[in-house]
Amino acid sequence: MMLLTGGLGYIGSHTAVELLDNDQDVVIVDNLSNSQIDVKDKIQKITGKSIKFYEGDVRDADLMDKIFSENKIDTVIHFAGFKAVGESTKIPIEYYKNNIDSTLVLLEAMKKHNVKNLVFSSSATVYGKAKSMPIFEDFPLSASNPYGRTKLFIEEILKDVHAADPSFNIAILRYFNPVGAHESGIIGENPNGIPNNLMPYITRVATKKLDLLHVFGNDYETHDGTGVRDYIHVCDLAHGHLKAAQKLENNPGLVVYNLGTGTGYSVLDMVKAFESSCKVSVPYVIDERRPGDIDTCFASPEKAEKELGFKATRTLEDMCKSSFNFEVNNK
Ligand code: NAD
Ligand code: WQD
């Protein structure tokens, strides 16, 4: 049985579907700080299977003790945390408290209940401004904002935990840019307020909830001057978690994988792909660079392919169409 912390969120909900579709039993704990309770029913509707759900905070040690006592958990996937880069610069203490404390409380509960397999949601943000592309897992790590530092610190904590107990198996997954939604169109990314990330902003412009996309800079060192990123379909990413969890069954110790496609697209590539896949227009203006942004970021997906047998298969068109479908369905 697998425990998903933050399992009603964007990536967690898609991973729950992928796990259930592959006959895994799923328990979710989520405090609903960035998700809605109806996602639980939606996951069950898509899969035709039931999940056990605990509403509460991963930092609540008594709750975690109860969850591990009541369920035979062998693997934990730890998604819970705050994730907005800009917000983290305004309320850093909340970010450190939530992301780091939740991980520590979880690790203590796992230790107490002798649960030794953990998959952790890290981020390509831990590579900072990488020296060259593609990015390999052994590149130097750095962070330029509190959110990124929480991920970096947690990775270090996990290395210490593994060093102290080598029988602890940990897969650190560094996601690149997750986009898209489940093909059913009933779960997807639904940020509150004005989206920070590119794809949810595009879908809101395409559905006329927002007027114009602001393209943050067109003077980067890229093929058209706009920022290049490695966008990966969230259902591919979800499959990566299944593969990582399977890997942990063979006691690999601590392992680190990029989850990306290996292909970079610019902001304008994304706009064009969205317009042609979804037959809608996405008006935009060129604006100032966003502070902290880098020119280019894309993964080497080789290690995950070789060691996990994981390869992203969904196309850019799939990413655009499924994102649009979810936005239209969730008016
Ligand atoms: P999300 O906000 O949609 O999901 C996180 C979930 O965790 C939410 O449902 C929220 O209610 C819950 N949560 C937060 N703090 C909690 C706590 N203390 N106790 C219980 N539940 C809590 O985010 P997501 O996009 O699904 O991201 C999941 C993980 O992946 C996060 O750790 C994030 O930092 C990481 N990540 C996300 C991206 C991305 O672009 N979406 C990229 C790289 C890494
Ligand atoms: C993508 C590109 C922007 C919005 C962030 C986090 C990272 C990870 C994924 C969690 C960039 C441009 C964006 C807009 C734009 N999250 N853009 N107009 O910044 O690569 O990564 O999410 O771990 O840590 O930093 O993603 O979607 O915000 O931006 O022009 O309105 O789109 O400048 O080039 P980013 P993004």
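The values are calculated or read from the model by the stated rules, or taken from the named source; none is laboratory data. Keep in mind that what you see is a predicted model, and the values were worked out from it rather than measured. When we count neighbours, we look across all protein chains shown, and the Cβ atoms used for this are built from the backbone with ideal geometry, even at glycine. Note: areas computed on protein heavy atoms with side chains; ligands, DNA, RNA excluded. Shrake-Rupley method; radii C 1.70, N 1.55, O 1.52, S 1.80 Å.
Out of all the residues in region 162-200, which are part of a helix (DSSP H, G or I) and either open to solvent by 40 Å² or more (accessible area, probe 1.4 Å) or free of Cβ contacts under 8 Å to residues at least 12 places away in the same chain (or both)? Lay out the reasoning, then the answer.
Within region 162-200, the first condition is being part of a helix (DSSP H, G or I), and the residues that meet it are 162-164, 198-200.
His162, Ala163, Ala164, listed by residue number.
Can you say whether Tyr54 is among the aromatic types (Phe, Trp, Tyr), over 20 Å from His162 (Cα atoms) and in contact with an Asp or Glu (Cβ under 9 Å, 6 or more places away or on another chain), as far as the supplied structure shows?
Working: among the aromatic types (Phe, Trp, Tyr): yes; over 20 Å from His162 (Cα atoms): yes; in contact with an Asp or Glu (Cβ under 9 Å, 6 or more places away or on another chain): yes.
When the stated conditions are applied, Tyr54 passes them.
Among the numbered conditions (1) closer than 20 Å to Val119 by Cβ; (2) open to solvent by 20 Å² or more (accessible area, probe 1.4 Å); (3) in contact with a helix residue (DSSP H, G or I) (Cβ under 7 Å, 6 or more places away or on another chain); (4) among the polar types (S, T, N, Q), tell me where Ser50 comes up short.
Going through the list (1) closer than 20 Å to Val119 by Cβ; (2) open to solvent by 20 Å² or more (accessible area, probe 1.4 Å); (3) in contact with a helix residue (DSSP H, G or I) (Cβ under 7 Å, 6 or more places away or on another chain); (4) among the polar types (S, T, N, Q), Ser50 breaks only (1).
Every residue in region 1-14 that is farther than 14 Å from Leu118 by Cβ and either within 15 Å of ligand 2 (Cβ to nearest atom) or open to solvent by less than 10 Å² (accessible area, probe 1.4 Å) (or both), please.
To start, the set of residues in region 1-14 that are farther than 14 Å from Leu118 by Cβ comprises 1, 7-14.
The answer is Gly7, Leu8, Gly9, Tyr10, Ile11, Gly12, Ser13, His14.
Being more than 16 Å from ligand 1 (Cβ to nearest atom), outside any strand (DSSP E or B) and small (Gly, Ala, Ser): is that true of Gly262 here? Let's see the steps before the verdict.
Numbers: more than 16 Å from ligand 1 (Cβ to nearest atom): yes; outside any strand (DSSP E or B): yes; small (Gly, Ala, Ser): yes.
Answer is yes for this residue.
I'd like the full set of residues that are surrounded by 18 or more Cβ atoms within 10 Å (Cβ to Cβ) and among the charged types (D, E, K, R), limited to region 264-283.
Once the filter is applied, which keeps residues that are surrounded by 18 or more Cβ atoms within 10 Å (Cβ to Cβ) and among the charged types (D, E, K, R), region 264-283 yields only Asp269.
In the set Leu141, Leu152, Leu63, which member is under 17 Å from the mean Cα position of the chain (by Cα), free of Cβ contacts under 8 Å to residues at least 40 places away in the same chain and open to solvent by 20 Å² or more (accessible area, probe 1.4 Å)? Outline the logic, then answer.
Values: Leu141 fails: under 17 Å from the mean Cα position of the chain (by Cα); Leu63 fails: under 17 Å from the mean Cα position of the chain (by Cα).
Within the list Leu141, Leu152, Leu63, the selection yields Leu152.
Can you find a residue that is open to solvent by less than 40 Å² (accessible area, probe 1.4 Å), in contact with an Asp or Glu (Cβ under 7 Å, 6 or more places away or on another chain) and not in a loop (DSSP other than H, G, I, E, B) anywhere in region 216-225?
Of region 216-225, the ones open to solvent by less than 40 Å² (accessible area, probe 1.4 Å) are 217, 220, 222, 225.
Remaining after also requiring in contact with an Asp or Glu (Cβ under 7 Å, 6 or more places away or on another chain): 217, 220, 222, 225.
Next cut, not in a loop (DSSP other than H, G, I, E, B) only: none.
No, region 216-225 has no match at all.
Inspect region 47-60 for any residue being at negative phi, of a type in the set (A, V, I, L, M) and not in a loop (DSSP other than H, G, I, E, B) and give the result as yes or no.
Within region 47-60 (the criterion being at negative phi, of a type in the set (A, V, I, L, M) and not in a loop (DSSP other than H, G, I, E, B)), the answer is no, since none of the residues qualifies.
Kindly indicate the residue of region 5-32 that is within 13 Å of ligand 1 (Cβ to nearest atom) and part of a loop (DSSP other than H, G, I, E, B) and also farthest from Gly185 (Cα to Cα) among those meeting that condition.
Here the residue is Asn31.
Tell me, yes or no, whether region 210-228 has at least one residue that is free of Cβ contacts under 8 Å to residues at least 60 places away in the same chain and either farther than 21 Å from Val271 by Cα or small (Gly, Ala, Ser) (or both).
Yes; the residues of region 210-228 include at least one that is free of Cβ contacts under 8 Å to residues at least 60 places away in the same chain and either farther than 21 Å from Val271 by Cα or small (Gly, Ala, Ser) (or both).
Looking at region 77-138, what helices (runs of 4 or more DSSP H) fall wholly within it and have at least 1 residues that are within 14 Å of ligand 1 (Cβ to nearest atom) and closer than 18 Å to Asn197 by Cβ?
Details: elements: 85-90, 92-95, 102-112.
Hits in region 77-138: 85-90, 92-95.
Determine the pairs where a residue that is closer than 8 Å to Gly227 by Cα, located within region 289-302, has a partner that is among the hydroxyl-bearing types (Ser, Thr, Tyr) and modelled with pLDDT of 95 or more with Cβ atoms under 8 Å apart, the partner being 6 or more residues away or on another chain.
Pairs found: Asp295/Tyr220; Asp295/Thr222; Thr296/Tyr220; Thr296/Thr222.
Among the candidates Asp60, Asp38, single out the residue that is over 29 Å from Ala124 (Cα atoms) and either within 11 Å of ligand 1 (Cβ to nearest atom) or among the acidic types (Asp, Glu) (or both).
Working: Asp60 fails: over 29 Å from Ala124 (Cα atoms).
The conditions single out Asp38.
Considering region 232-252 alone, what residues qualify as being in contact with a Phe, Trp or Tyr (Cβ under 8 Å, 6 or more places away or on another chain) and not in a helix (DSSP H, G or I)? Show your work before the answer.
So the first thing to find is which residues in region 232-252 are in contact with a Phe, Trp or Tyr (Cβ under 8 Å, 6 or more places away or on another chain), and the list is 232, 234, 237, 239-240, 243-244.
Scanning region 232-252 gives a single hit, Ile232.
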